[in-house]
Structure formats: C-alpha cells, structure tokens
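Derivation of every value follows stated rules applied to the coordinates shown; laboratory data play no part. Only a predicted model underlies this, so the values are computations on that prediction, with no experimental measurement involved. Counting neighbours? That spans all protein chains shown, and the Cβs are built from the backbone with ideal geometry, glycine included.
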Amino acid sequence: MLRGRFITLEGLDGSGKTTQLKRLAVWMKKRGTTPVVTRQPGGTATGDRIRDLLLDSRSERLAPLAEMALMFADRAQAIAEVIEPALSSGKAVLCDRFTDSTEAYQGGGRELGSDPVLAMHRVFCGGLQPDLTLLLLPSLQASLERARRRNDRVIAQSGKDEGRFEREQEDFYRRVWNKYCEIAARDAHRVVCVEGDLNIDEVHQQIIEAVSVRIFEATNG
Ligand code: TMP
C-alpha cells in the first residue's frame, strides 16, 4: 500500500486558508483523490476540548509554555487518531495548521524560539513532516482585519468567543509573520508561499498549481 500524501495549510488568522482548504479538497476529489480533512487545534473529540481551552478569551493567563504543550497534546492525539491511520491506509490528508503554526505563534509570537518547538515536534510527532505546506501570506493588515471581523461574526452568531489570539497586538503578529518567512526560507523544499493580496480565485489557482506539480506529478512520475 502506497502511503498517502500529507498536505498542510498555514498562515496568519484571516489569511483565507480555511476557505482555500475547502476548495482544494473539492478540487482533489474531482481528480479522484478524496482527502481526509482535519484541523489543528481540534479535529478529534479530545482535540476539540483542547481547542476550546486554548482559544477561549477566558484562558488569558495561560503561560506560553503551557500553551505550546497543549498544542502538541492536541497534535499527538490527531496524529494517533486521524493523520497516521489515514496516511498509512494510502489516503491523502489535508490539515489546517500543523507544527509550523506552533513555531510561528509560540516560537515567534510568544518568543519561545524555534528550538523548543522543534524538539517537542521530534518527541510528540515522531518527526512527521508534511509532503507539502501551502503558506498563505496576504498583507498583515488585511489578515488582521479579516480575522477580527470573523471573530465578531462568530460571537454574534453563537456567543462563543474564540478570539484569544486575535486580541494580540500587531507586534505579536509581526513576529508570527517573520517566523513564517524564516520557516519558508529554511524549508523551501516543502513550503510553497502564496504571497500578496490576491483574490480567492487567484490564490486557489496558485495552490492547485503547487499541488499538481509537487504532489500529483511527483506521485505519477
Ligand atoms: P484557526 O482559527 O486557524 O483554527 O487557528 C486557531 C488559532 O490557534 C490561531 O490563532 C493560531 C493558533 N495556533 C497556535 O498559536 N499554535 C498552533 O500550534 C496552532 C495549531 C494554532
């Protein structure tokens, strides 16, 4: 059995990655490869509870190291329950965020540095790496405005405030942004960066080009 391919989407809050992930899943399905779609934090029953704890605005005193540990607890559960079983049965997996998010947000944003994140990745994820990471980097300002609008909409509709990260200041997001750029330069063999304020169709086009070349052509050839 050929192992499935592991694709992750990354970017700042409000970068449009969740919309793009859904469109990519539909496109892959039309090509005959139905992916398993998941997200982090969350994606399992335990992970959803960890997500609530992490994103709730009431968790504002959570220490950065505790936050990082919870991200990895969620990830270890998702790997055991969803990701690894799918990949080893030959299915493709599309994951909304993975360890690059922890490196960017906790390593960069919270200033814990890359080293502890990469060390925890080795222990908690057994070094599992995506075959391809699509990093969406529209301008910082556009991302922040979109994330805040979305959070206000969610609170108005469901009363659930998942906006703990969106409340962070611009300096925090600038550090997240810089760390993402550092990861993209370091891991250029796996990270494809979609930069600039493109519209949804233009971003989708760049994504399917990257997936076609790096996943489908690589698999067929
Ligand atoms: P989402 O809204 O894209 O699902 O992401 C939830 C928030 O969690 C987002 O602000 C980024 C943050 N996050 C981290 O800080 N570290 C991580 O490892 C992950 C996966 C998410």
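Some values worked out for this structure:
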item	result
Computed FRET value (nearest 0.05) for Ile200 with Asp152, which takes r as the C-beta separation and R₀ as 22 Å	0.60
Quarter of Cα convex hull surface for the stretch 135-204, i.e. mean projection, nm²	5.6
Set of lysines near Lys91 by C-alpha distance (under 19 Å), chain-local residues within fewer than 8 positions excluded	Lys22, Lys29, Lys30
In order through the stretch 133-144: 3J(HN,Hα) via Karplus (6.51 cos²θ - 1.76 cosθ + 1.60), integer Hz, x for Gly, Pro	10, 9, 9, 8, 10, x, 4, 4, 4, 4, 4, 5
Cα-based radius of gyration of the chain once divided by 2.2 N^0.38 Å, which approximates compact folds	0.97
Residue-by-residue Karplus 3J(HN,Hα) for the stretch 100-113, coefficients 6.51, -1.76, 1.60, Hz, glycine and proline x	4, 5, 5, 5, 6, 7, 7, x, x, x, 8, 6, 7, x
Surrounding net charge for Lys30, when Lys and Arg each add one and Asp and Glu each subtract one, Cβ distance under 14 Å	+4
Sum of -39500 (n - 2.57) over DSSP H runs of 4+, divided by residues of the chain (222 nm, nearest 500)	-15500 deg cm²/dmol
Computed E for Ala45/Thr18 - FRET, C-beta separation, R0 22 angstrom, nearest 0.05	0.60
Once exposed loop GluC sites (Glu not before Pro) are cut out (DSSP; at most 16 other Cβ, 10 Å), longest piece of the chain	112-221
Positive-end residue of Phe72, Leu2, Leu53, charge dipole of the stretch 1-82 with Cβ unit charges	Leu2
Cβ-based exposure ranking for Lys30, Lys91, Lys22, in which fewest neighbours within 10 Å come first	Lys30, Lys22, Lys91
Radius 12 Å from Cβ of Val203, net charge of other residues (Lys, Arg +1; Asp, Glu -1)	-3
Selection from Gly43, Ala185, Ala147 lying farthest towards where the dipole of the chain points positive, charges on Cβ	Gly43
Extension gain from Ser88 to Ala218, taking 0.36 nm per residue of separation minus the Cα-Cα distance	45.0 nm
